[in-house]
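These notes are about the structure you will find just below.
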Amino acid sequence: MHVGIIFFLVILGSVLFHIFTPWYWTDVASNWGGMDDTITLTFWIGGGVFIAVCLFMVYCVFKFSYKKERKAEYKPEDKKLEKILTWATTLGVAALLAPGLIIWNQYVNVPKNAIEIDVMAWQWGWQYRLPGEDGKLGTTKVVNINDDNPFGINLDDPFGNDDVMIQSDVINLENNRPVKILLRSVDVLHNWYVPQFRAKMDAVPGIVTYYWFEPNKTGEFEVLCAEYCGVGHYAMRGGVEVQDKQDYDNWLQQQETFSDLIAKQKILENEKTKLAKK
Amino acid sequence: MSEDFNDNKTIQAQSSEAISGGGSGIATDADYVRPAEVADQDLYHGHSFITKWIFCQDAKVIGVQYFLLATFTGIIGLILSWLMRLQLGFPELVPFMTAEHYYQFVTMHGMIMVVYFLTALFLGGFGNYLIPLMVGARDMVFPYLNMVSFWSFFVAVGVLLASFFVPGGPTGSGWTLYPPQAILEGTPGSGWGIMLMCISLILFVAGFTMGGLNYLITVLQARTRGMTLMRMPLTVWGIFTATVLAMLAFPALLVGALMMSLDNVLGTSFFMPTILKAGEVLEYGGGSPILFQHLFWFFGHPEVYIVALPAFGIISDLISVHARKNIFGYRMMVWAIVGIGALSFFVWAHHMYVSGMNPWFGFFFATTTLIIAVPTAMKVYNWILTLWRGNIRLNTVMLWCLGFIVTFVNGGITGIFLGNVSVDVPLSDTYFVIAHFHMVMGIAPLMVIMGAVYHWFPLVAGRFLDEKLGKWHFWLTFLGAYSIYFPMHYLGFIGVPRRYFEMYDSPYVTSAVGMNEFISLAAFIVGAAQFILIYNIIKTLKTGKPAGHNPWQACSLEWLTPTVPPEHGNWGDRLPTVHRWAYDFSVPGAKEDFITQTTPPSEVAHTKVEKT
């Protein structure tokens, strides 16, 4: 008797926990609300199956506990029932898969007007690069990276000169404008993840990976590294500030471009040589 | 040594006439069983303590050896999990806990539990003990190789544990061992630690292949007369199919470990692209980190089923015996095991949706992954339909079965979240994943292991385990483990990433502090509860209630040996002959509520048995 009751309470407790939990997802701050909806749908269908299976089990425990005088039913197979269950399950699974695939299709197809952002990761930090007025990012190589060229931009690539360089772990984004995150790493795997945006993707050394989202809430968000990257993994944080267009444009104007950096270095070098001559 | 061999019994192939006609004395055509085509197996009987208990060739002893060593290793894994939970629930309480140590414990806990505990225990432990007994063989077909298999495992465990004592300590690269970080400074144990891990895995795979060949060939070639494939207990089907998976999947892990070792030691670049480290470009270039992930998960996903399929098989048998009812839909159960096994090789990249592989793979792997849910769901239905109109003994074994159903269904459904590509995006690399796989391949298989221990202990030791202690053990474990992993899913919803040594005070994470403390406390209790079993075993080995022959009134062969516990060679003078499947429980017209597999039809002529 008590066995059935305890199992029933476990099921009931699970349902109540789900309803009253203070721990639930953060408010979505990007266009990926559809992922939340699919999770909710999966919860309904999956949760329904969980509850049904467990309650059926609990019922059996109450109803068919051992009695010496009773004999169990002898029924090796029931083809019809098995067929019904197979098809019902297949249908349920298809109902879950379809929205999942539809949203994935959106996830892998980036809108044309998305602004590209180069997110560069290393052990253990982030920095960012935006295309300049030409709208294109210059190509890069890991071996080019040094103090004068922190992003490893190929010097003979004309698209690279006006790239905006943000040597900080915080980046600003324009609200309601899609961004394509281009991820690369100079050492090990990383993953640029903002829980409120829902989206994530690994940064893999040697290749450039991508994903996109459209922020739709202004404010500051924390960036977490979501792929284990060594002993500093837990401390590899960054930030995002989503701003309205006006504020964003103001911010963008204050940032340094690659050519600014080169010019500054030239001045520094000239001064050095002047000093040396004196 | 040579005189030992002289003692070996050689039993000539038995003709069908010699045995037909069993107890009732009236032989009918229905009792006919095809005669044996090959002579009985020669066995090496050990005489000294060493040949009987240490370098032993008896599959049953080897099974127990595997079981004990896997359990010992598992206890180390358990202690590591306590240390992790201490850090997560009560940071800074353990003075020596640095981030390095934390990641080393995470890694060793994961690898130990998945490979050295679960895999070794299900296949090496239960496989060795049960396969020959259940199919009516005298032993595994290659007993010597079987012995070498265990001792390879022993050395593999030794090498693994040795890594705690080498400079730099064990590897802290996560159980997935992803390069490049696994072999670069910045990850603890990137020199010696990862080396020893790879060597240990290679030894394990080599040893496992020896055992695996044994399991496969014993099932295919050494079944007794009348034991058709479709009469085998589902336990054998589960272990057999899991072994096929292991033979195909482990080589991928082996080459992965080997290639990474070459990258590490010889400076090859299988998995290493151009890397900038501390301002210097390393002498690597052109390798692909994602290639390793494909190799790893080509092993890693079937690995889930290498653990799950034996668990499916065993639980089917336990439920059937203790519900006094045949397993519902046996043929469906067999095909589901085989189907899940086959499909499990086409789903591996669902671990890699956000790995940076070509995102178009997502469509394929999400579809295959959700297809696998169908045969898995069928198995669940058949378990609960076996309970339906059964005559359920609510003993400790059945409690573990019920606990398994709840945790497995729970973990299976969260698997549908993670398998469904775009739903996986927000949840991957969070605590939701940890909660999911601990529920479905940690707790659920553990429930099966425990059920199996309480079920087969009377066979192995000849005595029952104490029921009262068993029930305490079950309820503490089940309720405790459920309250660890059920709430943990919600940490994942919040977005708490996994493998974080410390959360700091991210605004949306601080709310989880209370939960982390609660989970840690539950983890300490569940871990401690496992020692109830050890106490129970020690106590009942000497003073437990004697079990006698077939104490659960089961139908399958392992309970029908002439001596309990079965001795070397299992069957005395004559191999058993099988006349039916392993699930003839509560047959209408039968005197008792079970008919053993060896009962010829003429003895139970008045019953309404369906053809099996």
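Mind checking which helices in chain B clear 27 Å along their axis (Cα) and have mean Kyte-Doolittle hydropathy of 0.5 or more, DSSP H runs only?
Qualifying helices, which must be both long enough and hydrophobic enough, are B:59-89, B:143-162, B:192-221, B:234-265, B:289-322, B:361-387, B:396-419, B:513-543.
First measure r as the distance between the Cβ atoms of A:ALA95 and A:ALA276, then evaluate 1/(1 + (r/R0)^6) with R0 = 51 Å and state the FRET efficiency to the nearest 0.05.
0.10
Note down the Stokes-Einstein diffusion coefficient of the stretch A:115-271 in µm²/s, whole number, using a Kirkwood radius over alpha carbon pairs, 20 °C, and 1.002 mPa s.
Answer, rounded: 134 µm²/s.
Place a +1 charge on the Cβ of each Lys and Arg in the stretch A:115-271 and a -1 charge on the Cβ of each Asp and Glu, then give the dipole magnitude about the Cα centre in debye, rounded to the nearest 20.
Charge dipole of the stretch A:115-271: 580 debye, to the nearest 20.
Taking the alpha-carbon set of the protein assembly as shown, what are its Rg and Dmax in Å?
For the protein assembly as shown, the Cα radius of gyration and maximum Cα-Cα distance read 30.1, 121 Å.
Across peptide A:15-25, how many C-beta atoms of other chains are within 10 Å of each residue C-beta, on average?
4
Which loop-located GluC sites (Glu not before Pro) does the stretch A:82-167 contain, where loop means any DSSP state but H, G, I, E or B and the Cβ has at most 11 other Cβ atoms within 10 Å?
Qualifying residues, ordered by number: A:GLU133.
Inside 10 Å of the C-beta atoms of B:351-357, what's the mean count of C-beta atoms belonging to other chains?
Values: counts 0, 1, 5, 11, 7, 16, 4.
Going residue by residue through B:351-357 and averaging, the value is 6.
Among the lysines, which fall within straight-line cross-link reach of A:LYS71, defined as a Cα-Cα distance under 22 Å, with same-chain neighbours fewer than 8 residues apart omitted?
Of all the lysines, those that pass the test against A:LYS71 - Cα under 22 Å, at least 8 places apart if same chain - are A:LYS63, B:LYS325, B:LYS591, B:LYS608, B:LYS611.
Out of the DSSP beta bridges found with both residues in the protein assembly as shown, what percent are antiparallel (nearest 5)?
Numbers: 33 of 46 bridges.
Taking every DSSP beta bridge within the protein assembly as shown, about 70 percent pair in antiparallel fashion.
So for each of B:512-518, B:137-143 I average, over its residues, the number of other beta carbons within 10 Å; can you give me the resulting order with the highest mean first?
Answer by packing, highest mean first, reads B:137-143, B:512-518.
For helix A:33-63, what angle does its Cα long axis make with the longest principal axis of chain A, in degrees from 0 to 90 and rounded to 10?
So the helix axis and the longest Cα principal axis differ by about 20 degrees.
May I ask you to order B:343-352, B:283-292 by the average number of other C-beta atoms within 10 Å around their residues, highest value first?
B:343-352, B:283-292
What residues from the stretch A:119-144 fall in the zone where the backbone N is under 11 Å from a label point 7 Å along the Cα-to-C-beta line of A:VAL208?
Residues A:119, A:131, A:136-141 fall inside that zone.
What do the square roots of 5 times the Cα gyration tensor eigenvalues come to for chain B, in whole Å, largest first, as semi-axes of the equivalent ellipsoid?
Working: eigenvalues 375, 145, 108 Å².
Largest first, chain B gives 43, 27, 23 Å.
Please give every one of the aspartates and glutamates within straight-line cross-link reach of B:LYS539, meaning a C-alpha to C-alpha distance under 16 Å, and leave out same-chain neighbours fewer than 8 residues apart.
Within reach: B:ASP466, B:GLU467.
Whole angstrom only: what separates the Cα centroid of the stretch B:53-128 from the Cα centroid of the stretch A:204-266?
41
Can you bin the stretch A:223-278 into rounded, prolate or oblate? Criterion: square roots of the alpha carbon gyration tensor eigenvalues sorted a ≥ b ≥ c, rounded for a/c under 1.5, prolate for a/b above b/c, oblate for the rest.
oblate
With the crude spin-label approximation of a point 7 Å out along Cα→Cβ, what separation in nm comes out for A:LYS80 versus A:VAL170?
6.9
Evaluate peptide A:59-65: per residue, the Cβ atoms of other protein chains within 10 Å of its Cβ; return the mean as an integer.
Mean inter-chain Cβ contacts per residue within 10 Å come to 6.
How far apart, in nanometres, would the label points at A:LYS67 and B:PHE364 be if each is projected 7 angstrom from Cα along the Cα-to-Cβ direction?
5.7
Quick one: which of A:LYS217/A:LYS266; A:LYS245/B:LYS277; A:LYS245/A:LYS266; A:LYS136/A:LYS217 span more than 32 angstrom between C-alpha atoms?
A:LYS217/A:LYS266; A:LYS245/B:LYS277; A:LYS245/A:LYS266
The numbers here are math on the coordinates, done by the rules we state, and not lab data. Computed from a predicted model, the values in this text were never measured in an experiment. For neighbour counting, all protein chains shown are included, and Cβ atoms are generated from backbone atoms with ideal geometry for every residue, glycine included.
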